[in-house]
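S.K.: A single structure is presented below for examination.
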Amino acid sequence: MKLVILLHGFIDLAHPWYVGLFALGMAAADIGFSHKQSLMKMRNLLPWGWLATIFFGVALLAESPKFGIAIMWITDSFVGLATACLLIYCTNCVIDSKATPLVLRVFQSPWAVALGTFSYSLYLIHVVVMTPVNQYLHSLHLSHLQINVILYYVVSPLSSLLVAYSFYMVFERPFMSNFLQKRKVKDAIISSDR
């Protein structure tokens, strides 16, 4: 992070803090599944669900222009911390056979599983769809709230999902193993209707 600060945003477009976010995900997986006594103790002692909520709240505050922060690496870092804590919380619930929390039921729903089938394509493609729309919306001089509502509730679900699914069918699915190809998005969606 020192490099990001010292270069005054010069390398922000490369998003170098994503390396740290990847490390947070790896640390969450290690804490969640480790058999080391120290990590198991950490997994069981800390209030991971509350930590996820707190870090996500801080991320929302950091994103708000009211507070004058709105620095991408700060917001992304708090979202990464929240996600890591949420992963540990959900893993802990499954390992300890605790009651399934709402967030985990949502992640296990057939629609979420279907989305997960082509999530890598969605990850690759969403910026290609959302960036030009974001630039266009800014040119209309809409408020920050209006732009976010349009981007996250209209553009993202419709355009990004359609383009990403098409990308998945053309470029990703043909190269998957037979086992993965058999797990179709359509099957997951159909099972949700039963």
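S.K.: Do we find that Ala164 is within 30 Å of Leu46 (Cα to Cα) and among the hydrophobic types (A, V, I, L, M, F, W, C) in this structure? Break it down stepwise before answering.
M.R.: Working: within 30 Å of Leu46 (Cα to Cα): no; among the hydrophobic types (A, V, I, L, M, F, W, C): yes.
Considered against the rule, which asks whether it is within 30 Å of Leu46 (Cα to Cα) and among the hydrophobic types (A, V, I, L, M, F, W, C), Ala164 comes out as no.
S.K.: Select from segment 14-52 the residues that are in contact (Cβ under 8 Å) with a residue 12 or more places away in the chain, surrounded by fewer than 17 Cβ atoms within 10 Å (Cβ to Cβ) and closer than 30 Å to Ser143 by Cα and list them in ascending order.
M.R.: His15, Pro16, Tyr18 - these are the residues of segment 14-52 that are in contact (Cβ under 8 Å) with a residue 12 or more places away in the chain, surrounded by fewer than 17 Cβ atoms within 10 Å (Cβ to Cβ) and closer than 30 Å to Ser143 by Cα.
S.K.: Report yes if Phe55 is surrounded by 14 or more Cβ atoms within 10 Å (Cβ to Cβ), closer than 23 Å to Ile147 by Cβ and either modelled with pLDDT of 90 or more or in contact with a Gly (Cβ under 8 Å, 6 or more places away or on another chain) (or both), otherwise no. Break it down into steps so the answer makes sense when it comes.
M.R.: Details: surrounded by 14 or more Cβ atoms within 10 Å (Cβ to Cβ): yes; closer than 23 Å to Ile147 by Cβ: no; either modelled with pLDDT of 90 or more or in contact with a Gly (Cβ under 8 Å, 6 or more places away or on another chain) (or both): yes.
Criteria not met by Phe55.
S.K.: Continuing with the same structure: Which pairs have Cβ atoms under 8 Å, sit 6 or more apart or on different chains, and link a residue in segment 143-169 that is over 16 Å from Ile125 (Cβ atoms) to one that is not hydrophobic (A, V, I, L, M, F, W, C)?
M.R.: His144/Pro65; Ile147/Asn134; Ile147/His138
S.K.: Can you pull out every residue in segment 99-135 that is farther than 24 Å from Met169 by Cα and surrounded by 12 or more Cβ atoms within 10 Å (Cβ to Cβ)?
M.R.: Keep residues of segment 99-135 that are farther than 24 Å from Met169 by Cα, which gives 99-106, 134-135.
Of everything in segment 99-135, those that are farther than 24 Å from Met169 by Cα and surrounded by 12 or more Cβ atoms within 10 Å (Cβ to Cβ) turn out to be Thr100, Pro101, Val103, Leu104, Asn134.
The values are calculated or read from the model by the stated rules, or taken from the named source; none is laboratory data. Computed from a prediction, not measured in an experiment: that's the story for all the values here. Cβ atoms come from the backbone with ideal geometry, glycine included; neighbour counts cover every protein chain shown.
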